[in-house]
Amino acid sequence: MLWFFIPTGTKSNGKPTEGVYLFKALSKLAKMACVYQSPERTPVTDSQSSLDRYQSDFRREESKIEPIVGVPGFSQRFHDFLDCVQGMGIPGRQQRGRLAFLSKLTGKASPSVRVWLLKDRPPQEETLVALVRFFLQHIPVELEEKKVLAWLRFGDEATGPLLENAPLRDQDYRDSLKPLAMNLLMESSKSLGAPAKSFDLSATLNDCIDMLIAFEVTTEEEVQTPMKDQIKAFIKKHKHS
């Protein structure tokens, strides 16, 4: 510490000397220096202590959460949404037909589309918005784009039931299955020796189409032997008496 002498006292006229004023000023500075503490020595406040506790509580809560991959339930809801689209001939939920349709429509690779349909992983935001906006033009009920997007992400809990008034399985899709159903029907009728005039062709054909939809079959290669047996049962069921 540096010590030095400062003359104090009064002048002949009774006023304090300059040294007195300087001494007082230096004394104030010394007191201020004693009071000042560096930021590093600032004591921990109650708010900082609370934040530390909150941080600890948060991390403990976070550790209880299981890893979340994708958006739970998205694929099911996306399929439900696609089932409402009319006039486009979108195949059923079987992986090959619907996947191939969406892949060609969007220009996205099949592996990318597969995770939309099977793994609860939505497409990128821009693609999802474009899909919803496009398909809404082909659904014969009025639905809000924002609500559909929220429903696809979070389900009924976020928006309430959204598609309950939307028709499923459009006529265009049924019509696309008619050639396959007719071929299978003619094959089975020939095997039974039952000409078309011997049974109700229209009713039997409708049953065949319903069966193809139920089993999500769109090609002859996907038809199994039990399905052919069921077609024969339809023919016998609608046989004219």
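What to note about this one:
- For segment 127-167: rounded, prolate or oblate by the Cα gyration tensor [a/c cutoff 1.5]: oblate
- Hydrodynamic radius (Kirkwood) for segment 93-241, which is based on Cα pairs only, to one decimal in Å: 18.0
- Note on S198 and D80: with the Förster distance fixed at 30 Å, the Cβ-Cβ geometry gives a FRET efficiency of about 0.15.
- With Cα atoms as the point set, the radius of gyration and Dmax of segment 171-237 evaluate to 10.9, 32 Å.
- Size estimate for segment 52-111 follows the Kirkwood approach: the inverse of mean 1/r over distinct Cα pairs works out to 14.8 Å.
- Solvent-free Debye scattering, log10 I(q)/I(0), computed from the Cα coordinates of segment 74-159 at q = 0.25 Å⁻¹: -1.52
- Label point distance in nm, A100-N206, each placed 7 Å from Cα along Cα→Cβ: 3.0
The numbers here are math on the coordinates, done by the rules we state, and not lab data. Everything numeric in this text was worked out from a predicted model, so none of it was measured. Counting neighbours? That spans all protein chains shown, and the Cβs are built from the backbone with ideal geometry, glycine included.
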